1. Helix 31-55: angle to the longest alpha-carbon principal axis of the chain, degrees 0 to 90, nearest 10?
2. Taking only Cα atoms and a 10 Å spring cutoff, compute GNM fluctuations for the chain and point out the largest among E146, E57, E33.
3. Taking θ = phi - 60°, what integer Hz values does the Karplus form 6.51 cos²θ - 1.76 cosθ + 1.60 yield along the range 176-186, in sequence order, with x for Gly and Pro?
4. Hey, what angle do you get for helix 61-86 against the long axis of the chain, alpha-carbon based, 0 to 90 degrees rounded to 10?
5. I'm a student and want to see the number: the projected area of the Cα convex hull of the range 71-186, averaged over all directions, in nm².
6. How far apart, in nm, are the 7 Å Cα→Cβ label points at I8 and V69?
7. Helix-only mean residue ellipticity at 222 nm, the chain, DSSP H runs n ≥ 4 weighted -39,500 (n - 2.57), per residue, nearest 500. What is it?
Amino acid sequence: MTWTIPNIVTLIRVILIPIFVSVYFLDWRWAHEAGAFLFWLAAITDWFDGYLARKLEQSSAFGAFLDPVADKLIVAAALLMVTHTYADIWITVPAIILLMREIFVSALREWMGQHDASDAVKVSFIGKAKTMAQMLALIGLLSGLEVFLGVTIYWVTLGYILLWIAAVLSLWSMMSYSIAAWKVFK
């Protein structure tokens with residue numbers, strides 16, 4: 001393992017997972033909001049580690065492996081947490097779609113990499129848009145906030161909408177990656 005600043009930031013994201021989950025389930029008035037804040041902090045480190053890797057020219061094979069794993073671990077944890085909290089089909093269905101897509105695309109990228117065709121399934125704009133919608137949805141849903149300091153903000157309502165947008169973008173990107181990979185499959 002290469003101990004670079006970006007890799008350390010990514011490892012912090014992995015370490016934040018059990019902390020974020022534990023805080024979220026505390027029997028404390030602001031536990032959900034604090035959990036949502038820790039999730040937001042972890043989401044910011046995802047952008048930050050990539051930025052640092054490019055800026056400091058500290059990209060590494062270990063970082064290229066760990067970064068997507070850290071992303072999938074924290075998102076999977078958050079999706080499970082919101083399906084537990086809301087116990088609602090309108091959360092569960094998009095959460096399942098998002099998890100299925102992550103597993104499928106990860107396996108597809110691995111398979112394409114073994115066939116020297118990983119460029120065909122590199123991250124696309126649709127994939128990045130899905131990630132943004134998904135992260136914002138999860139922050140809103142984890143926070144549980146509709147009113148904050150007397151101001152109506154509709155974070156949960158926005159979270160529902162963004163989770164469905166992320167699910168649609170997820171299916172779209174999965175189909176795009178599958179079509180791009182089809183030439184290698186044949």
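1. That works out to roughly 30 degrees.
2. E57
3. 4, 5, 5, 5, 5, 7, 4, 4, 6, 4, 6
4. 30
5. Mean shadow area of the hull around the Cα atoms is 7.4 nm².
6. Label at I8, label at V69, 2.0 nm between them.
7. Helix-only estimate at 222 nm: -28000 deg cm²/dmol.
Any read-out appearing in this document is the output of simple, stated calculations on the displayed coordinates, not a laboratory observation. Keep in mind that this is a model prediction, so the values were computed, not measured. Positions of Cβ are backbone-derived with ideal geometry, glycine not excepted, and every protein chain shown enters the neighbour counts.
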